[in-house]
Amino acid sequence: MRIVKCALLTLLVLFCFGGVAFAEDALIVHGKDFAFKVTEPSGWEGITNDANRYRVNVYFRMPGYDFNSSPALMYIRVLAKNGLTVSQHIQADMDAFSQKKKRIAFEAFDISNLKYEHASRKYIINDNQIDFLCYIDPGEKWNNYVILALTAPRDLAEKNCDVFISLVRSFLWVRAIEHKSVNQQ
């Protein structure tokens, strides 16, 4: 009887801690040589099962829509640094967009209190679409950088800017934690 009580108490404790993890709606996304964690924004669905089809690692759509039909879409993509800083990568991205789009403007878009070196911009495309982008460098020990983006019509992008900032601030490069713990042992 005593063993049964101990087992039930252990299960109760595990259930309580497990509930906290589920309440945060955390997603862990991993691939070859990378893993990161983000908190799924309230009212958005984080999708990984077909993300590589769209050349992203995870995307967040509005409920009831798919990748191509969601009025607003957020995504995260891990890419190789290839010896460049995040500032150099975002500048190259802006240069490429300038050649593709007839009417595009770039504005400063600062996201404060990030744990990582980052570069961010607001892209205004044809006066009716906004892309908020943040490029994150998880650290010089890692060969990858990460792009987080929100793309939507102007009014919907502005309305969801805080949601995007929250997603960016929730970003955690999990490989960095594993690497640190290995070094401490």
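Pairs linking a residue in region 136-160 that is over 11 Å from Arg175 (Cβ atoms) to a residue that is among the acidic types (Asp, Glu) and part of a loop (DSSP other than H, G, I, E, B), with Cβ atoms under 8 Å and 6 or more positions apart or on different chains, are Arg154/Asp127.
Each residue in region 88-115 was checked for being under 18 Å from the mean Cα position of the chain (by Cα) and within 19 Å of Ile165 (Cβ to Cβ), and 8 pass.
Would you confirm whether or not region 88-98 contains a residue that is of a type outside the set (D, E, K, R) and touching a helix residue (DSSP H, G or I) at 6+ places or on another chain (Cβ under 8 Å)? Show your work before the answer.
First, the residues of region 88-98 that are of a type outside the set (D, E, K, R): 88-92, 94, 96-98.
Those still in the list that are touching a helix residue (DSSP H, G or I) at 6+ places or on another chain (Cβ under 8 Å) too: none.
No, because not a single residue in region 88-98 is of a type outside the set (D, E, K, R) and touching a helix residue (DSSP H, G or I) at 6+ places or on another chain (Cβ under 8 Å).
Of the residues making up region 62-104, those that are closer than 26 Å to Asp127 by Cβ, part of a loop (DSSP other than H, G, I, E, B) and free of Cβ contacts under 8 Å to residues at least 40 places away in the same chain are Met62, Tyr65, Phe67, Asn68, Ser69, Ser70, Lys101, Lys102, Arg103. For region 31-55, filtering for residues that are without any contact (Cβ under 8 Å) to a residue 24 or more places away in the chain and surrounded by 20 or more Cβ atoms within 10 Å (Cβ to Cβ) leaves 1. For region 106-165, enumerate the residues that are open to solvent by 60 Å² or more (accessible area, probe 1.4 Å) and on the phi > 0 side of the Ramachandran plot. Hits for region 106-165 are Asn113, Asn126, Asp127.
The values are calculated or read from the model by the stated rules, or taken from the named source; none is laboratory data. This is a predicted model, so every value here is computed, not measured. Backbone-built Cβ (ideal geometry, glycine too); neighbour counts: all protein chains shown. Heavy atoms of the whole protein, side chains included, go into the accessibility calculation; ligands, DNA and RNA do not. Shrake-Rupley method; radii C 1.70, N 1.55, O 1.52, S 1.80 Å.
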